[in-house]
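Here is the structure we will look at.
The values are calculated or read from the model by the stated rules, or taken from the named source; none is laboratory data. Bear in mind the structure is a predicted one, so any value in this text is a computation, not a measurement. In this analysis, Cβ positions are derived from the backbone assuming ideal geometry, glycine residues included, and neighbour counts consider all displayed protein chains. Please note that ligands, DNA and RNA were not included when accessible areas were found on the heavy atoms of the full protein model with its side chains. Shrake-Rupley method; radii C 1.70, N 1.55, O 1.52, S 1.80 Å.
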Amino acid sequence: MHTRRGWWRLAIGTVALVSGVGACNDDNSVSGPPSFTPVPIVTQDQLKAALAQAVGVSADGVPDGNAGLTLNMWATVVDTAGIVVAVVYTGAKEGDQWQGSRIISAQKANTAMNFSLDAAYSGFSGLALSTANLYSATQPGGSLFGLQEANPINEDVAYGGDIANYGTAKDFMIGRRIGGTNVFGGGFPLYDAAGNLVGAVGVSGDTSCADHAIGWKTRFYLNLANVPGGVAPGGTDNIIYDIDGTGHSASGFGHPHCLDAAAESAVADDLPVSFPVGAGGA
């Protein structure tokens, strides 16, 4: 009698366990990162054309004019929810630019979106921070040290899908949240003609100094450069080369030079002149 009763208890327990596992599976059927419908800030073709102009490959296919290594580039745009809208490159194929820069460009876009603002209250028109503006504060001893370790990328989104589709309208990142934080040049918030923050763009593939110049120009060519204010001279989010020999940034928002200080400074100084932001940049 005890043996039979024990057998039934075992059988009932087994059925309950199997049923519970089945119920859990039914309630948690997500097999990969969720996808969303991004706000169509730009199209794939618009981003690709803007990046090509910024890199200087539109006319002859040879990158130039940004005081860097003259390499092909990646660009990613995210909307205000951090959802990837478009991913492109300037080379003829996916392997013509650093493959690691695809994800870095997305990190930069996500960072610029997360740390920029539009008008929040009376008397505050907004604050644009490029990723270059975050460099000094995130170094050891800086007020934001450790920020670059926050909000890691979603690796399933970053590395999912077919590599042959990377940089195309079928890129696996599109419609998904990539996350990530990056604190060197190349990421910019995007503002429409009314001064509304609508998303961000990130570029990567050259030195971080050249990335900044290329990202600035890309935003300009997208007509989304109505920056309301920033920490750089003139109230912009331009790169600030004010780090001295001891590593101190006078402004607190400085970025180091990369290759040729004179050439990089000249390019940076020309950005707000030849590619203006504010009401004239959107």
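Under 5 Å between amide hydrogens, built in the peptide plane, is the criterion, and for residue 190 it picks out 198, 199, 200, 201 among residues at least 5 positions away or on other chains.
Taking every protein chain into account, the accessible area of the chain amounts to 47 square angstrom per residue (probe 1.4 Å). Taking 34, 63, 256 as the candidate residues, the one with maximal mean-square fluctuation in a Gaussian network model of the chain, Cα springs under 10 Å, is 34. With N the number of residues in the chain, Rg(Cα) / (2.2 N^0.38 Å) evaluates to 1.24. Neighbours of residue 161, meaning other residues whose beta-carbon lies under 9 angstrom from its beta-carbon, give a summed charge of -1 when Lys and Arg score +1 and Asp and Glu score -1. Taking every protein chain into account, the 1.4 Å probe leaves residue 149 with about 140 Å² of accessible area, to the nearest ten. Dimensions of segment 89-197 along the principal axes, based on C-alpha atoms and rounded to the nearest Å, stand at 48, 38, 24, largest first.
Using only Cα coordinates, the Kirkwood hydrodynamic radius of segment 200-258 works out to 12.5 Å. At q = 0.09 Å⁻¹, what is the base-10 log of I(q)/I(0) for segment 30-168 according to the Debye formula with one equal point scatterer per Cα and no solvent? Please give it to two decimals. The calculated log intensity ratios at q = 0.09 Å⁻¹ are -0.33.
Using alpha carbons only, how many degrees (0 to 90, rounded to 10) separate the axis of helix 101-114 from the longest principal axis of the chain? Between the helix axis and the principal axis of the chain, the angle is about 90 degrees. Of the residues 176, 102, ranked by 1.4 Å probe accessible area with the largest first, the sequence reads 176, 102. Rounded, prolate or oblate: which fits segment 119-164 when a ≥ b ≥ c are the square roots of the eigenvalues of the alpha-carbon gyration tensor, with rounded for a/c under 1.5 and prolate only if a/b beats b/c? Oblate shape, in that a/c is at least 1.5 and b/c is the bigger or equal ratio. Each residue of segment 188-198 was assigned a 3J(HN,Hα) from its phi angle through the Karplus expression (A = 6.51, B = -1.76, C = 1.60, θ = phi - 60°), giving 9, x, 10, 10, 7, 4, 8, x, 7, 6, 10 Hz with x at Gly and Pro. May I ask you to work out the translational diffusion coefficient for segment 184-282 at 37 °C, viscosity 0.692 mPa s, via Stokes-Einstein with Rh from the Kirkwood sum over Cα pairs, reported in whole µm²/s? Using the Kirkwood radius from Cα pairs, D works out to 242 µm²/s. Backbone geometry of segment 205-221 corresponds, through the Karplus equation with coefficients 6.51, -1.76 and 1.60 at θ = phi - 60°, to 3J(HN,Hα) couplings of x, 9, 5, 5, 5, 5, 4, 4, 4, 5, x, 4, 5, 4, 4, 4, 5 Hz, x marking Gly and Pro.
Using alpha carbons only, how many angstrom separate the centre of segment 204-282 from the centre of segment 92-154? The distance from the Cα centre of segment 204-282 to that of segment 92-154 comes to 14 Å.
For the chain, the relative contact order works out to 22 percent when only alpha carbon pairs closer than 8 Å and six or more residues apart are counted. Please work out whether segment 179-224 counts as rounded, prolate or oblate from its C-alpha gyration tensor, where a ≥ b ≥ c are the square roots of the eigenvalues and a/c under 1.5 means rounded, while otherwise a/b larger than b/c means prolate and anything else oblate? Oblate shape, in that a/c is at least 1.5 and b/c is the bigger or equal ratio.
Summing charges over all other residues whose Cβ lies under 10 Å from the Cβ of residue 83, with Lys and Arg as +1 and Asp and Glu as -1, gives +1. For segment 74-217, the fraction of 1.4 Å probe accessible surface lying on carbon and sulfur atoms is 54 percent.
Close amide H partners of residue 118, meaning residues 5 or more places away or on another chain with modelled amide H under 5 Å apart, are 127, 197. Backbone phi angles across segment 46-54, fed through the Karplus curve with coefficients 6.51, -1.76 and 1.60 (θ = phi - 60°), yield HN-Hα couplings of 5, 5, 5, 5, 5, 5, 4, 5, 5 Hz in residue order; Gly and Pro are listed as x. Each residue was assigned an accessible area with a 1.4 Å probe, and for residue 221 the value is about 70 Å².
When each of the peptides 202-212, 109-119 is scored by how many other beta carbons lie within 10 Å of its residues on average, the order from highest to lowest is 202-212, 109-119. With K and R counted +1 and D and E -1, the other residues having a Cβ less than 10 Å from that of residue 50 yield a net charge of +2.
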